[in-house]
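Values quoted throughout were computed directly from the atomic coordinates according to the rules given, and no laboratory measurement underlies them. Here the structure is a predicted model, which means the values were calculated and not measured. Reconstructed Cβ throughout: ideal geometry from the backbone, glycine too, with neighbour counts over all protein chains shown.
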Ligand SMILES: Nc1ncnc2c1ncn2[C@@H]1O[C@H](COP(=O)(O)OP(=O)(O)O)[C@@H](O)[C@H]1O
Ligand SMILES: [Mg+2]
């Protein structure tokens, strides 16, 4: 099987002016990648990842998934590329954790036994199986976030995208989410994570991509690129904050 999962080819999406959006993005995501997409607020991270499953359409350029332009089959693209949004509350639909997780596969008319097996597997992987009969509204913030991930995992996506997953999380929740991401990566899913704070995941990432003003400025080995982060408004995780202030 080809190791390339997703590729953007000179992808451009401008919002009104040529100042705002993403421009000429050429990026390759391999099946075994864990990519940290870093950059300060407004640099275009969310705009870029929204092209990976066709939530946004390019002005110029293409997104190829398994070599196929994703516009040709958006249903397939949305199954293969799962997106974990920032606010887990906005995604909750069903009355139980189990039914919530089963919602996606049910809409695809998968068989009942396959759905049940997939849901049980996803809930176990995310440490939610014991809460399967609970009403999602009664879960903690961290549990709700894991439930949102279960609902995506159950679709067996090749690529799972996290958009600023650490926003509003306390330290134990960050640690627990990083562990989930590591488990997902080890179980064969490619991961893309946007963040303006690379510290929690830099050691897990296979590749770091740094954006600024809608363009990719750097990409490569995460640790080697860490020293250049500050020039793009992103904290170098190997510099203590107190020391950075003194610079
Ligand atoms: N729907 C939109 N309409 C107009 N401008 C937008 C829209 N979405 C994003 N932008 C602009 O595009 C730029 C990139 O935004 P975004 O992709 O959200 O950045 P990031 O996720 O890195 O914070 C910003 O200047 C933002 O204001
Ligand atoms: Mg964003």
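Relative to the longest principal axis of the Cα atoms of the chain, helix 171-186 runs at roughly 80 degrees. One decimal place: the segment residue 137-residue 24 gains 36.5 nm when fully extended, by the rule 0.36 nm per residue minus the C-alpha distance.
Along its three principal directions, the equivalent ellipsoid of the chain from the Cα gyration tensor extends over semi-axes of 30, 23, 16 Å, largest first.
Full extension of the segment from residue 74 to residue 224, taken as 0.36 nm per residue of separation minus the current Cα-Cα distance, would add 50.4 nm. Treating the angle as unsigned and between 0 and 90°, give the value, to the nearest 10°, between the Cα long axis of helix 97-107 and the longest Cα principal axis of the chain. That works out to roughly 80 degrees. On the beta carbon distance between residue 167 and residue 117, with R0 = 35 Å, the FRET formula returns roughly 0.60.
Potential lengthening of the chain between residue 41 and residue 108 amounts to 20.6 nm, from the contour at 0.36 nm per residue minus the alpha-carbon distance.
A straight line joining the Cα centroids of segment 98-140 and segment 11-83 runs 28 Å.
Packing order of peptides 71-79, 7-15, highest average first: 7-15, 71-79 (average count of other Cβ atoms within 10 Å over each peptide's residues). So in the chain, what percent of DSSP beta bridges are antiparallel if you round to the nearest 5? Counting DSSP beta bridges with both partners in the chain, the antiparallel share is about 50 percent.
Dividing the mean sequence gap of close Cα pairs (under 8 Å, 6+ apart) by how many residues the chain holds gives a relative contact order of 27 percent. By how many degrees, 0 to 90 and rounded to 10, does the Cα axis of helix 141-153 deviate from the longest principal axis of the chain? That works out to roughly 80 degrees. Each peptide among 29-36, 111-118 gets the average number of other Cβ atoms lying within 10 Å of its residues, and from highest to lowest they stand as 29-36, 111-118. Helix content alone sets the calculated 222 nm mean residue ellipticity of the chain: runs of n ≥ 4 DSSP H residues at -39500 (n - 2.57) each, divided across all residues, give -9000 deg cm²/dmol. Label positions at residue 99 and residue 238, each projected 7 Å from the Cα along the C-beta direction, are separated by 5.2 nm.
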